[in-house]
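The block underneath contains the structure these notes are about, expressed in structure tokens.
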Amino acid sequence: MSEDIRKYYSSRVSQADRNKFLWQVGKTIDGKEVSEDQLDIIVNTIRAKLKLGHDDSVLDVGCGNGLITKIIAGRVKDVVGIELTPELFDIAREYNQLGNISYINNDILYMSPADFSSKISKVYLYEVLQHMDYPNVYALINMFTEILNKDSVVFIGGILDEEKKWQFIDSYERRCSYLSALINKEDALGIWFHQDYLRCIGEDLGFNVECFPQERALYTSGYRFDCVLRKL
């Protein structure tokens with residue numbers, strides 16, 4: 001994750017009330033927090049795609065302020081949440097802590113497989129991939145091959161869809177604004193991915209890969225997709 005992205009989220013935390021969780025992590029429409037119904041769709045999708053149960057030990061990569069982490073933790077054995085941005089990490093520990101959650105303030109790519117318990121059975125990351133370049137995404141999935149056992153499952157949610165990019169940036173004015181942001185390195189959305197990239201690298205690293213559209217009722221469904229990787 002770039003220094004610009006860390007500054008972006010740090011700024012959002014500083015501009016909002018400490019418990020304005022959805023706004024802090026950019027879950028907004030026209031500057032307003034999305035509804036609880038939207039959060040429910042995200043959480044229910046994670047639960048369903050990972051088939052989460054009370055015996056699962058889960059890794060939440062890029063857990064942000066722990067809003068989703070805490071909800072997921074209520075239905076599983078335990079969760080490890082990894083967050084790079086110190087301000088979000090502090091919010092997670094202060095407001096979204098449970099006895100079965102462990103939060104780590106670090107970049108997962110700077111960690112080693114030895115830092116993780118072999119008991120981890122399932123992994124999820126939501127709207128995280130956009131903050132990683134192509135080589136780092138490969139490195140991340142390669143790390144999963146080392147910390148997960150056969151049949152372990154990874155859910156990657158909210159991936160910016162390269163094929164829908166210009167449908168989302170759908171006017172001359174929006175495209176000018178977007179391209180200007182790229183020139184100034186100020187693009188808040190981040191990296192867009194083609195589904196075949198994830199299929200190719202996932203299969204190369206020993207995963208069965210399935211990409212699928214988001215639920216239509218979800219506010220990001222017009223320009224994002226989700227992906228499940230199962231280790232073979």
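The table below lists the values:
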{"quantity": "Pair list, Cβ < 6 Å and 6+ apart or interchain, from the range 168-191 residues that are farther than 21 Å from Lys7 by Cα to residues that are in a helix (DSSP H, G or I) and open to solvent by 80 Å² or more (accessible area, probe 1.4 Å)", "calculated": "Ile169/Arg175"}
{"quantity": "Matching entry among Ile191, Ile156, Ile141 (being assigned to a loop (DSSP other than H, G, I, E, B) and of a type in the set (Val, Ile, Thr))", "calculated": "Ile191"}
{"quantity": "Among the residues listed as Cys200, Cys211, the single one being at pLDDT 95 or above, more than 19 Å from the chain's Cα centre (by Cα) and either within 22 Å of Ile46 (Cα to Cα) or surrounded by 13 or more Cβ atoms within 10 Å (Cβ to Cβ) (or both)", "calculated": "Cys200"}
{"quantity": "Positions within the range 3-53 being assigned to a loop (DSSP other than H, G, I, E, B) and more than 15 Å from the chain's Cα centre (by Cα), in sequence order", "calculated": "Ala16, Asp17, Arg18, Asn19, Lys20, Asp30, Gly31, Val34, Ser35, Lys51, Leu52, Gly53"}
{"quantity": "Selection from the range 1-14 of residues that are closer than 13 Å to Leu88 by Cβ and either touching a residue at least 60 places away in the same chain (Cβ under 8 Å) or open to solvent by 80 Å² or more (accessible area, probe 1.4 Å) (or both)", "calculated": "Met1, Ile5, Arg6, Lys7, Tyr8, Tyr9, Ser10, Val13, Ser14"}
{"quantity": "Where Glu94 falls short, out of the listed (1) in contact (Cβ under 8 Å) with a residue 24 or more places away in the chain; (2) open to solvent by 70 Å² or more (accessible area, probe 1.4 Å); (3) closer than 26 Å to Asn136 by Cβ; (4) of a type in the set (Asp, Glu)", "calculated": "(3)"}
{"quantity": "Criterion (open to solvent by 10 Å² or more (accessible area, probe 1.4 Å) and assigned to a strand (DSSP E or B)) met by exactly one of Ile104, Ile71", "calculated": "Ile104"}
{"quantity": "Selected residue (criterion: most open to solvent (accessible area, probe 1.4 Å)) from residues of the range 54-68 that are assigned to a loop (DSSP other than H, G, I, E, B) and either closer than 17 Å to Ile159 by Cα or among the small types (Gly, Ala, Ser) (or both)", "calculated": "Gly62"}
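The values are calculated or read from the model by the stated rules, or taken from the named source; none is laboratory data. Everything quoted here is computed from the prediction, not taken from an experiment. In this analysis, Cβ positions are derived from the backbone assuming ideal geometry, glycine residues included, and neighbour counts consider all displayed protein chains. Keep in mind that these areas ignore ligands, DNA and RNA; they rest on the heavy atoms of the full protein, side chains included. Shrake-Rupley method; radii C 1.70, N 1.55, O 1.52, S 1.80 Å.
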